[in-house]
Amino acid sequence: MSDLKASVVGAGLAGSEAAWQLAERGVSVSLFEMKPVQYSPAHHSGSFAELVCSNSFRGDRLSNAVGLLKEEMRRLDSLIMRWADQTRVPAGDALAVDREAFSAGITDTLEHHPNIRIFRQEEKTIPEGPVIIATGPLTSESMTETILSLQGLTTLNFYDAAAPIVYRESLDMDKIFRLSRYGRGEDYLNCPMNREEYERFISELISAETAEVHGFEEKKVFEGCMPIESMAKRGRMVPAFGPMKPVGLKDPRTGKEPFAVVQLRQDDYSDTMYNIVGFQTRLKHGEQKRVFGLIPGLENASYARYGMMHRNTFLNSPGFLNERFEMISRPMCYFAGQMTGVEGYVESAASGLYAGRALADQLHGKEPFTLPSFTAIGAMGKYVSTPNSHFQPMNCTFGIIDPLPPGGKRIRDKKERYEAVAARSLEYIGQIR
């Protein structure tokens, strides 16, 4: 073990990535994870980097900001991306994984790393010395109290939700067709609905009984994980223009697009479980079975996991963290993951990568690793550290990445322009590896 030491609290996506980056750079890491001694309301597995919501890491093209983010991470030797690529399951243009194999691979890698010692216990206070806090938006009460006592910090919250997972063998495949949008393969199962079926489904969805969530407020629901019933209450046709849109999905049996479609995405290697895409919900379990049973093909569906909802807490990071996710008032104390105000699996892991590499450099007596805001990772650091009176969780988008400089060739096509932004970032990343 190295004489250089650091602690990482939390072994989710961000904490696992941070521990890996530190350990790979010769730092002895003490990794603290409270599971299986204690679980949050959303966690069920003792493995690291547990995916509690979807199994999708979203789009994988460079014309997509999160696609650029993933490629930056690959080129910076990301543990999360290494195992995401190794446990990939069919999902069209998206990167989706077998969630159990993904978490198992990361857990095994960290457990056998010579520079990492793992402590399965709840940390109630912030360890002394160099540290990265990655306890997530469902941080334990004791640690939350400790964090709240830090100088210059306030916290905010929003509500997050997960979609149900059903067993493939329980589906009526006579009513379902297999196709990805716009003819890009056949990776999704599609449950088509006519107008009458859709209207009945929406009526039942709106009137269904929901589970209570402590302090729940509709206005604090994160838009990227909007419960399907909340979406329907905004307008009966909202789901049909959202997760249930039929665009690009012609039913091969009729040659026409249905009025609406519910898509299912493979959730495991063995093709036994499917995630209901975009169907985050806080309906009671019995109501999920009843209402979602109105979807053609899901009449007798058996559930591997029902949908759920929980409150997430995040830091009011501007003025508290710098662009490397480091506390301004306490050098070498970093935060990483969703609790910083980044939103999404990949974004969380990327913040852990950034914090881990920056802290490793500091421990080696170097200038800390810093990325410019024309990279996706650097743009996220800038977002969480820039003053903002309406600070809210943010997915990685091209809107937060610096645009191409003026004076060059004007690129009118949006896809081509985004690809040029990505090329500029990856050229820079290639020089600093």
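The values are calculated or read from the model by the stated rules, or taken from the named source; none is laboratory data. No experiment lies behind these values; they were computed from the predicted model shown. Glycine gets a Cβ as well: all are built from the backbone with ideal geometry, and neighbour counts include every protein chain shown. Surface accessibility is based on the protein's heavy atoms, side chains included, excluding ligands, DNA and RNA. Shrake-Rupley method; radii C 1.70, N 1.55, O 1.52, S 1.80 Å.
Some observations on this one:
- Measuring r between the beta carbons of R178 and I206 and using R0 = 45 Å, the FRET efficiency lands at 0.90.
- Phi angles across the stretch 349-359 convert, under the Karplus curve 6.51 cos²θ - 1.76 cosθ + 1.60 with θ = phi - 60°, into 3J(HN,Hα) values of 4, 5, 5, x, 4, 4, 4, x, 5, 5, 5 Hz, Gly and Pro given as x.
- For I132, distant residues with modelled amide H under 5 Å away: S7, V8, V9, Y334
- Under 5 Å from the amide H of R58 lie the amide H atoms of L95, each residue being 5 or more positions distant or on a separate chain, with H modelled from the backbone and absent for Pro and chain starts.
- Relative packing of peptides 45-55, 297-307, 199-209, 333-343 - highest average C-beta neighbours within 10 Å first: 333-343, 45-55, 297-307, 199-209
- Between the listed residues P137, G10, Y188, the Cα displaced farthest toward the positive end of the dipole of the chain, a dipole computed from Cβ unit charges relative to the Cα centre, is found at Y188.
- Candidate cross-link partners of K35 among the lysines, defined by an alpha-carbon separation under 25 Å and a same-chain spacing of 8 or more, comprise K5, K124.
- For the chain, the relative contact order works out to 22 percent when only alpha carbon pairs closer than 8 Å and six or more residues apart are counted.
- The E299 and Q392 beta-carbon pair, evaluated with R₀ = 45 Å, returns a calculated FRET efficiency of approximately 0.70.
- Lysines with Cα under 30 Å of K250, excluding same-chain neighbours fewer than 8 positions away: K175, K233, K289, K414, K415
- In order along the stretch 102-119, the phi-based Karplus estimate (6.51 cos²θ - 1.76 cosθ + 1.60, θ = phi - 60°) of 3J(HN,Hα) comes to 4, 5, 5, x, 5, 4, 4, 4, 6, 5, 9, 7, x, 9, 10, 10, 10, 10 Hz; Gly and Pro are listed as x.
- Accessible surface calculations at 1.4 Å, restricted to protein heavy atoms, place the stretch 33-150 at 40 Å² per residue.
- For F177, the residues 5 or more places off, or on other chains, whose built amide H falls under 5 Å of its own are N190.
- Gaussian network model of the chain, springs between alpha carbon atoms under 10 Å - residue of K284, K415, K250 with greatest fluctuation: K415
- At 0.890 mPa s and 25 °C, Stokes diffusion of the stretch 359-433 via Kirkwood alpha-carbon radius, µm² per second: 173
- Between D98, D187, D267, the Gaussian network model of the chain with springs among Cα atoms under 10 angstrom shows the greatest mean-square fluctuation at D187.
- Computed [θ] at 222 nm, deg cm²/dmol, the chain (DSSP H ≥ 4; -39,500 (n - 2.57); rounded to nearest 500): -9000 deg cm²/dmol
- Per residue, the stretch 232-347 exposes 36 Å² of solvent-accessible protein surface, assessed with a 1.4 angstrom probe and all protein chains in place.
- Remark: the stretch 171-213 carries 55 Å² of accessible area per residue (probe radius 1.4 Å; ligands, DNA and RNA excluded).
- Fraction of accessible area attributable to carbon and sulfur, the chain (%, probe 1.4 Å): 50
- With θ taken as phi - 60° and the Karplus curve 6.51 cos²θ - 1.76 cosθ + 1.60 applied, the whole-hertz 3J(HN,Hα) list for the stretch 122-135 is 7, 8, 9, 10, 7, x, 5, x, x, 7, 10, 9, 9, 7 Hz, x standing for glycine and proline.
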